[in-house]
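*Asks:* Let me give you the structure first, and then I'll get to my questions.
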Amino acid sequence: MSFFIAPPSEAAQISFSEELELLNVDGNFNNSIDSSLELSPGSHVLVVRYRDLFEGVNADESSTWVKSQPLFLKLVINSKQITLAPPKLDDVNAANSYLKQPYLTVTPDVGANKELTLQPMTSVIANVLSAKD
């Protein structure tokens, strides 16, 4: 499944680092392994999963996968190209620490980089339930 919401002249190209798996865009599940997609300008909700394989320190240690639960990101698109990436992490401990307060660096083609917080589903539901009219 490919996401294409806007005509090519208006669409923004969103690229993901290899540590991110795109699960959902605006409520539409993603069944492909694409590392980029096109989205129209405006506000979107992306669901991603952080995953990275870390090599063992010693030759007799096996590699270890670190994976997050699905994480939600509200992204406002106002550039033609945007890259989303977590920080570079060197080991399992750093990755596990990062997942306690995950964020992505948003790098637009124009303007300054931003760090946006990723939220687990429990936080998103709590925010919705606590919202007041």
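*Asks:* Can you pull out the residues in the stretch 10-38 that are of a type in the set (A, V, I, L, M) and over 12 Å from L73 (Cβ atoms)? Don't jump to the end; show me each part of the working.
*Replies:* Within the stretch 10-38, the first condition is being of a type in the set (A, V, I, L, M), and the residues that meet it are 11-12, 14, 20, 22-23, 25, 33, 37.
A11, A12, I33, L37 - these are the residues of the stretch 10-38 that are of a type in the set (A, V, I, L, M) and over 12 Å from L73 (Cβ atoms).
*Asks:* Now for a different question. I'm trying to understand the selection: among the residues of the stretch 12-26, which are without any contact (Cβ under 8 Å) to a residue 40 or more places away in the chain and not in a loop (DSSP other than H, G, I, E, B)?
*Replies:* The initial filter retains those residues of the stretch 12-26 that are without any contact (Cβ under 8 Å) to a residue 40 or more places away in the chain, namely 18, 21-22, 25-26.
Across the stretch 12-26, the qualifying residues are E21, L22, V25.
*Asks:* Here's another thing I want to ask about it. Being within 18 Å of T117 (Cβ to Cβ) and at pLDDT 95 or above is true for just one of L89, L22. Which residue is that? Before the answer, list the steps.
*Replies:* Details: L22 fails: at pLDDT 95 or above.
Matching residue, one of L89, L22: L89.
*Asks:* Checking the conditions here, which among A94, A126 is surrounded by 13 or more Cβ atoms within 10 Å (Cβ to Cβ) and either in a loop (DSSP other than H, G, I, E, B) or small (G, A, S) (or both)? Working first, answer last.
*Replies:* Numbers: A126 fails: surrounded by 13 or more Cβ atoms within 10 Å (Cβ to Cβ).
So the residue among A94, A126 that is surrounded by 13 or more Cβ atoms within 10 Å (Cβ to Cβ) and either in a loop (DSSP other than H, G, I, E, B) or small (G, A, S) (or both) is A94.
*Asks:* Any idea which residue in the stretch 64-86 is farthest from the chain's Cα centre (by Cα), counting only those that are within 24 Å of V124 (Cβ to Cβ) and surrounded by fewer than 14 Cβ atoms within 10 Å (Cβ to Cβ)? Break it down stepwise before answering.
*Replies:* Just the residues of the stretch 64-86 that are within 24 Å of V124 (Cβ to Cβ), to begin with: 66-78, 82-86.
Narrowing further to those that are surrounded by fewer than 14 Cβ atoms within 10 Å (Cβ to Cβ): 67, 69, 74, 76, 78.
Numbers: K67: 13, Q69: 12, K74: 10, V76: 13, N78: 17 Å.
Going through the qualifying residues, I end up with N78.
*Asks:* Report the residue count in the stretch 108-126 for those that are of a type in the set (A, V, I, L, M) and over 15 Å from A85 (Cα atoms). Don't jump to the end; show me each part of the working.
*Replies:* Taking the stretch 108-126 first, the residues of a type in the set (A, V, I, L, M) are 110, 112, 116, 118, 121, 124-126.
From the residues that got through so far, the ones that are over 15 Å from A85 (Cα atoms) too are 110, 121, 124-126.
Count: 5.
*Asks:* With respect to I5, determine if the residue is modelled with pLDDT under 90, over 11 Å from the mean Cα position of the chain (by Cα), closer than 28 Å to N127 by Cα and not polar (S, T, N, Q).
*Replies:* On the way: modelled with pLDDT under 90: yes; over 11 Å from the mean Cα position of the chain (by Cα): yes; closer than 28 Å to N127 by Cα: yes; not polar (S, T, N, Q): yes.
Taking the combined requirement at face value, the residue satisfies it.
*Asks:* What residue, among those in the stretch 29-63 that are part of a strand (DSSP E or B) and more than 15 Å from the chain's Cα centre (by Cα), is nearest to D91 (Cα to Cα)? Spell out how you get there, then give the answer.
*Replies:* We begin by selecting, within the stretch 29-63, every residue part of a strand (DSSP E or B); these are 29, 36-39, 42-54.
Still in the running and more than 15 Å from the chain's Cα centre (by Cα): 42, 53-54.
Numbers: G42: 36, L53: 9, F54: 6 Å.
Checking each candidate, the answer is F54.
*Asks:* In the set L71, L99, L75, L53, which member is closer than 23 Å to Q13 by Cβ and either among the acidic types (D, E) or touching a Phe, Trp or Tyr at 6+ places or on another chain (Cβ under 8 Å) (or both)?
*Replies:* Details: L99 fails: closer than 23 Å to Q13 by Cβ; L75 fails: either among the acidic types (D, E) or touching a Phe, Trp or Tyr at 6+ places or on another chain (Cβ under 8 Å) (or both); L53 fails: closer than 23 Å to Q13 by Cβ.
The conditions single out L71.
The values are calculated or read from the model by the stated rules, or taken from the named source; none is laboratory data. Quick caveat: nothing in here was measured; it's all calculated off a predicted structure. For neighbour counting, all protein chains shown are included, and Cβ atoms are generated from backbone atoms with ideal geometry for every residue, glycine included.
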